[in-house]
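Novice: Here it is, the structure in full.
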Amino acid sequence: MVGSQAGVADVLPVGSEPAKFHWLSANPGKRRTEIIYFVWFLISIPFQTLVTKNLSYDKPNDAILLTQAVVMALGTLILPLVLRAREDRGVPLRELYGFRMGAFLFIWSVLGGFIGTAPWYDVLHGHFAYNTDLNPNGVPLFMLPMTISVFGCYSVILGTLYRIISQLLDRTHSVLTRDTLTRHAVICLLLAGIMPLCETLAYTGKGYCFDNPVGMWGLNVLIYGSWHFAALLFYTRWDTRPGQRASLSTTILAGFATLGILMSLMATIETFIAPHFVEVQHGVVQIDDWSPDNCLGPKP
């Protein structure tokens, strides 16, 4: 899937000049969708802050947190279908980039979060401060839909950086000019750790924390960098030029392939790397477990 997209979308013919430099997508539908993802997430930040300030330490907060999460997810999934680019008017729903990317985000974020959160506890020794009753498979339920919006925003940031780096390499007039699968994978690998590093700053807040600094600053980047590396391999290849549309089946299959890659990478890290730095504790769930003996400390 990755190779076929590369062959169609991004390889420059020998001797041809690169297109005009652009940091936004050249595909109108993708460009509109990415702008919506980014702006909608920024709009949601004051709402997230308000919700956080009104959480209770003594009773479950599922209702208010789920409301926030569902609003964020619905905006990410629905707004691109309504606020279409001019070129997408009249295009069937399943062919819209926003619909196809929405399907990918759902698989990556919701299904991935449901099956892939265990390393947060086992390897990273992470704690969630949220008082929630609905925690399927050890995951606070609200985090699953909320992650759709979060990952949508992240995909815009990382996708834009990928686009910029690729265009700069296209202009080097060297072996790096050719858009090979190796070049593609290396760029994705270099970008994969950026968002986990940025998120680490949030782990110093009241919502969640790590007991072990090695987990916080090192293994976290490896674990969640795996998530972004797996996804970057695919979504950076879709709809890169005007008129180009990856099929819905391609994006859905890519979503499940992303899960397979990230689960394999996380299992490798948990089995072969993490034991050298931390004690891997299987089956631990640490939600609302305030204690002087962990990073959350005593309950406020």
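The values are calculated or read from the model by the stated rules, or taken from the named source; none is laboratory data. Values in this document were obtained by computation on a predicted structure and should not be read as measured data. Heads up, the Cβs are rebuilt from the backbone with ideal geometry, glycines too, and the neighbour counts pull from every protein chain shown.
Novice: So is residue 84 of a type outside the set (Phe, Trp, Tyr), more than 30 Å from residue 278 (Cβ to Cβ) and part of a loop (DSSP other than H, G, I, E, B) or not?
Specialist: It is true that residue 84 is of a type outside the set (Phe, Trp, Tyr), more than 30 Å from residue 278 (Cβ to Cβ) and part of a loop (DSSP other than H, G, I, E, B).
Novice: A further question on this structure: Out of all the residues in segment 28-49, is one or more surrounded by 14 or more Cβ atoms within 10 Å (Cβ to Cβ), over 18 Å from the mean Cα position of the chain (by Cα), without any contact (Cβ under 8 Å) to a residue 24 or more places away in the chain and more than 18 Å from residue 154 (Cα to Cα)?
Specialist: Within segment 28-49, none of the residues are surrounded by 14 or more Cβ atoms within 10 Å (Cβ to Cβ), over 18 Å from the mean Cα position of the chain (by Cα), without any contact (Cβ under 8 Å) to a residue 24 or more places away in the chain and more than 18 Å from residue 154 (Cα to Cα).
Novice: Next up: Can you tell me which residue is farthest from residue 135 (Cα to Cα) among those in segment 274-296 that are touching a strand residue (DSSP E or B) at 6+ places or on another chain (Cβ under 8 Å) and not in a loop (DSSP other than H, G, I, E, B)?
Specialist: The extreme case among them is 291.
Novice: So residue 198 clears everything in (1) assigned to a helix (DSSP H, G or I); (2) buried (at least 19 other Cβ atoms within 10 Å of the Cβ); (3) of a type in the set (A, V, I, L, M, F, W, C) except one condition, right? Which one?
Specialist: Tallying (1) assigned to a helix (DSSP H, G or I); (2) buried (at least 19 other Cβ atoms within 10 Å of the Cβ); (3) of a type in the set (A, V, I, L, M, F, W, C), residue 198 fails exactly one: (2).
Novice: If only one of 120, 108 is part of a helix (DSSP H, G or I), within 17 Å of residue 289 (Cβ to Cβ) and either under 20 Å from the mean Cα position of the chain (by Cα) or not aromatic (Phe, Trp, Tyr) (or both), which one is it?
Specialist: 120
Novice: Against the conditions (1) modelled with pLDDT under 90; (2) not in a loop (DSSP other than H, G, I, E, B), where does residue 299 fall short? Just the number, please.
Specialist: Among (1) modelled with pLDDT under 90; (2) not in a loop (DSSP other than H, G, I, E, B), the lone unmet condition for residue 299 is (2).
Novice: Another question, then. Would you point out which residue out of 207, 193, 243 is on the phi > 0 side of the Ramachandran plot, surrounded by fewer than 21 Cβ atoms within 10 Å (Cβ to Cβ) and either of a type outside the set (Lys, Arg) or in contact (Cβ under 8 Å) with a residue 24 or more places away in the chain (or both)?
Specialist: The conditions single out 243.
Novice: Oh, and also: Can you tell me which residue among 59, 53 is closer than 29 Å to residue 288 by Cβ, touching a residue at least 24 places away in the same chain (Cβ under 8 Å) and of a type outside the set (Gly, Ala, Ser)?
Specialist: Just one listed residue meets the conditions, 59.
Novice: Let me ask you something else. Between 181, 232, which is in contact (Cβ under 8 Å) with a residue 60 or more places away in the chain, surrounded by fewer than 20 Cβ atoms within 10 Å (Cβ to Cβ) and of a type outside the set (Lys, Arg)?
Specialist: 181
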